[in-house]
Amino acid sequence: MSDFLGNWHALLLLLVAGVIPNQIWRMLGLWLGSGLDEGSDLLVWVKAVATAILAGVIAEILVHPPGALASVPGLLRYGAVVAGFIVFMLTRRSIFAGVVSGEFLMLAGKWWLG
């Protein structure tokens, strides 16, 4: 069983330091946000800020790719983003379809280029 779990001390530390504090904030957010109107100005602003932060992270990863992504040519990375966006729009804004198609194009292109 210890081979399956690996170092149980590390798993316990991950649970205590990572999962439990995060879940407290999630539950507090659910409790506080349960009565809010989804169309309120506050939540529209929060969604806009979250979208802007996500766009910034994606742009940073595209321009300065970390780790193994740095070995993927820039044209292929940008092409995968464009293809994913096109599929996203064609599938009535399915995030899943856009992400999967972009990843597939990048993996297939990297495999083809070697």
- Item | Percent accessible area from carbon and sulfur atoms, the chain, protein chains only, probe 1.4 Å | 75
- Message: Can you report the principal axis dimensions of the chain using only the alpha carbons, biggest first, rounded to whole angstrom?
- Response: 50, 47, 25
- the chain: longest stretch without exposed trypsin sites (Lys or Arg not before Pro) (DSSP loop, at most 12 other Cβ within 10 Å), sites themselves excluded? 1-91
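For the stretch 11-114, which GluC sites (Glu not before Pro) pass both filters: DSSP loop (anything but H, G, I, E, B) and at most 13 other C-beta atoms within 10 Å?
Listed in order of number, the matching sites are Glu38.
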- Message: Per DSSP helix of 4 or more residues, -39500 (n - 2.57); summed, then divided by the residues of the chain. What does that give at 222 nm, rounded to the nearest 500?
- Response: -24000 deg cm²/dmol
- Anisotropy class of the stretch 53-114 from Cα gyration tensor, a/c 1.5 cut: oblate
- Calculated from backbone phi, Karplus (6.51, -1.76, 1.60) coupling profile of the stretch 73-80 in Hz, x at Gly/Pro: x, x, 4, 5, 4, 5, x, 5
- Each residue of the stretch 31-38 in order: what ³J(HN,Hα) in whole Hz does its phi give by Karplus 6.51 cos²θ - 1.76 cosθ + 1.60, θ = phi - 60°, with x for Gly and Pro? 5, 6, x, 5, x, 7, 7, 5
- Counting only protein heavy atoms and rolling a 1.4 Å probe, one gets per residue an accessible area for the chain in Å² of 83
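The values are calculated or read from the model by the stated rules, or taken from the named source; none is laboratory data. Quantities reported herein were computed from a predicted structural model and do not represent experimental measurements. Glycine gets a Cβ as well: all are built from the backbone with ideal geometry, and neighbour counts include every protein chain shown. Calculation scope for accessible area: heavy atoms of the full protein, side chains included, ligands and nucleic acids excluded. Shrake-Rupley method; radii C 1.70, N 1.55, O 1.52, S 1.80 Å.
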